[in-house]
Amino acid sequence: MKVTVRGESEFGLPKDFEEVELQNPTIESIMDYFHVDPKIRKHLFPIVNSRMGKLSQELQEGDKVILQSPYSGG
Amino acid sequence: MYGAWGKLLRVDLTTGKITTEEIPEILFKRYLGGNTLALYYLLREQKGGIDPLSPEANLIFMTSFVTGTPGPGLSRMSIVGKSPLSGGYGETEAGGWWGPELKFAGYEGIILTGKSEKPVYLSIKDGAAEIKSAEHLWGEKLKEAHDAIKDELEDSKTRIALIGEAGEKMSSYACIINELKHANGRLGMGAVMGSKNLKAIAVRGTTQKLPMYNEERVKEIVKDLIREWKEIPNTFPKYGTMRGVRATQEVGVFPTYNFQHGVFDDFENLAETTYMETILKKTGTCYRCPISCKREVEIDDGKYKVDPAYGGSEYETTMAFGSCCGVNDLKPVSAAHQLCQQSGMDTISAGVTIAWVMECFENGLISKDQLDGLEMNFGNSDNMLILLEKMCKSEGVGAILTKGFKTAIAHFGEETAEYAIQVKNSAFPAHDPRGKAGLALAYALPSAGPDHMEVQHDHVMATEGGAALYEAIGINEPLPATDLSPRKVRNFFVNQSLYNGFNAIGICDFCVRPNGPFTISSIGEYMQAVTGWESASLWNLIKIGEKHSTMSRIFNLREGLTVKDDTLPERMFTPLEGGGPCAGFYIDKETFNKAIRTYYAINLWDEDGVPTETCLYQNELDWLIGEF
């Protein structure tokens, strides 16, 4: 299945949307694909097709995924 | 004592009398320092009902026993008093260098009373304090006054906290700024300082070394924390708070067009990458902070001239003069930031007020004639800057706007009230709570008005990793960002107590995980290594944070604020418009009201938010029985 992904390049994610093809795409498999450091994974917040997502979420063909480290502050 | 001198400076500006007083060790153990110790003195010494701009009003600057020690981010100081903006409790924090230098100069805090006959500044050097004439500085922009004081004192390492024209003219949006960049921004504390004819406080400590109980252990803790922190990928040092633009846009809570929308089409023009590529000159930092999140910008393109001496706009300012006003260009945003710094004005209050004006103008509720001839459509950055300058100088319509929303609404008409995005007369900060339900509580409940630094934010707490950082204070699971259940309220209460505790010891929130080196549990260990006190524990920090909520509540009750003031603007109860993941989200009023009541109950306050006697005994505040 193909999904498109973007996130913070400092975490190994593509800065602009990049299409990836994965067997059974989950948020976890996306992070595996981009070799996201295990120390940061549980801090990332997924937004899937412009809706709030969950790390445990299973994805569908064509899903657009943003993985971000949430911001709090001034 | 270790870490603390136990010294308070009292300055009566009417008589010119300066005295030094002991702060007993027991007060540090009961209140820690910072906001809570300052509030202790305020409650004891200032009666309810006092005009905040009168000589009877106190203005208190306070640090803590860890300020100026080697730990990262222990640079902050609190300024506390009665707010001329809200009429209630005023508290504002800032980092930078001033707080540690006050410690090196030999004091934890300063209490100012009275009013000088003529403009003055206070100079404190190595324990000796002196009142000096500031007549030649009154009316000067911040940098000119700042440089002049350093020249007069012949010591470039002097650290100076100043007010600008906004404070001199007692604008309710006036702030106090140290080292030209670090603002004690909210609630008009600059006006209180200006009402006393006090231009600045200059501090310098050349010889003092802070004694620590176990200095070697302190250094070991710091070294380990920083080493472990550097092993975790982190974008905050690189982008500072400017990473907030993209992050809040992506989750759909980036306040746009006066909080009508949660996404801004042109957000890339304001985002961290554009900032770095176009206007950033260099980064800066606070005392002993390894993050360096401060920005310094420089612009000189013929139309805009921005001096890096004033730093650069942070995320809040970028929202306030950017998306909130429909402005899609960092140059006028930076120019607005500079205007505010030069005159000592709170950027959040000023920008969100201008956004209100824009929406009212576009809806035909405020006319061009009422705005001194200005057409104030969203996106009109030129007129935004003209109006802002009027506000900074308290001229024309600007003089009305800087008195706060209540005054402005009374002037322009009640029909403008629904567009005012404020609580307790104080403007909302840069996160729409319709997508972050915990922030709905952080805006409605605090005695000092809406505060985005009251708690950790919902999207962090919605991740497994984020929630896990708070296990040490009993938060055991992530909760969805829009959850406003009793469990979220309980987590909010615990988190708020922690953050109040942070302000009591003067630690920068950014220096705690996920952004910075301190873990929650290491804070107690660090405090104990500095002081040798068993009471300097994480548990006690949380309890004192709870205590602070009740103390500040009592202050507000004495000033006539009630349960009716713990609310949100109507817009928050209606669906968020525009696109983005939070489009259509709103705060359910019934759930919100239930959450407020739950919060009161957790605090042991009654249904009207009045602390019970049980609450006062629980918090060792029985000395306040009968006082409200």
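What pairs from B:169/B:209; B:223/B:331; B:157/B:281; B:294/B:436; B:115/B:141; A:2/A:42 go past 30 Å between their alpha carbons? Pairs exceeding the cut-off: B:169/B:209; B:223/B:331. Fewest-first ordering of B:86, B:497, B:292 by other beta carbons within 10 Å of each residue's beta carbon gives B:292, B:497, B:86.
The mean number of partner chain beta-carbon atoms within 10 angstrom of a residue's beta-carbon across peptide A:37-44 is 5. Projecting the Cα positions of B:447, B:463, B:496 onto the charge dipole of the stretch B:434-512 (unit charges on Cβ atoms of Lys, Arg, Asp and Glu, taken about the Cα centre) puts B:447 furthest along the positive direction. Size descriptors for the protein assembly as shown (Cα atoms only): Rg and Dmax, in that order, 23.9, 79 Å. For B:179, B:620, B:168, the sequence from fewest to most other C-beta atoms within 10 Å is B:620, B:179, B:168. Other residues whose C-beta falls under 15 angstrom from the C-beta of residue B:373 contribute a net charge of -4, scoring Lys and Arg +1 and Asp and Glu -1.
Every Cα-Cα pair in the stretch B:423-475 was counted, and those over 17 Å apart are 38% of them.
Sorted fewest first by neighbouring Cβ atoms within 10 angstrom, B:519, B:92, B:248 come out as B:519, B:92, B:248. Counting every C-alpha pair in the stretch B:7-204, the share spaced more than 28 angstrom apart comes to 15%. Among B:556, A:4, B:476, flag the residue with its Cα farthest along the positive direction of the charge dipole of the protein assembly as shown, charges on Cβ as +1 for Lys/Arg and -1 for Asp/Glu. My answer, from the dipole projection, is B:556. If a spin label sat at a point 7 angstrom from the Cα of residue B:50 along the line to its beta carbon, the backbone N atoms of the stretch B:102-132 nearer than 13 Å would be those of B:111-115. Structural descriptor for the stretch B:254-427: relative contact order 18 percent, calculated from alpha carbon pairs under 8 angstrom and at least 6 residues apart.
With the simple model of a label 7 Å out from the Cα in the direction of the Cβ, residue B:151 to residue B:20 spans 3.2 nm. For peptide A:45-52, the mean count of partner chain Cβ atoms within 10 Å of a residue's Cβ comes to 6.
With R₀ set to 41 Å, the beta-carbon distance separating residue B:627 from residue A:49 gives a calculated FRET efficiency near 0.15.
Legend: calculated FRET efficiency, residue B:612 to residue B:534, from the Cβ-Cβ distance at R0 = 45 Å, rounded to 0.05, equals 0.95. Of the three principal axes defined by the Cα atoms of the stretch A:2-68, the extents in descending order read 27, 20, 19 Å. Over all other residues within a Cβ to Cβ distance under 9 Å of residue B:242, the charged ones net out to +1, with Lys and Arg as +1 and Asp and Glu as -1.
If the reach is capped at under 18 angstrom between alpha carbons, list the lysines near residue B:547, excluding any in the same chain fewer than eight residues apart. Filter leaves B:29. Name the residues of the stretch B:256-299 whose amide N is less than 18 Å from a point 7 angstrom out from the Cα of residue A:9 along the C-beta direction? Under cut-off, by backbone N: B:268-280.
Once C-alpha pairs closer than 8 Å and six or more residues apart are averaged by separation and normalised to the residue number of chain B, the relative contact order reads 16 percent. Computed over chain A, relative contact order equals 37 percent, with contacts defined as Cα pairs under 8 Å that lie 6+ residues apart. For chain B, a/c is less than 1.5, where a ≥ b ≥ c are the root eigenvalues of the C-alpha gyration tensor. That puts it in the rounded class.
Rule-based calculations on the coordinates, nothing more; no lab input. For clarity, every value in this text was computed on a predicted model and none was experimentally measured. Positions of Cβ are backbone-derived with ideal geometry, glycine not excepted, and every protein chain shown enters the neighbour counts.
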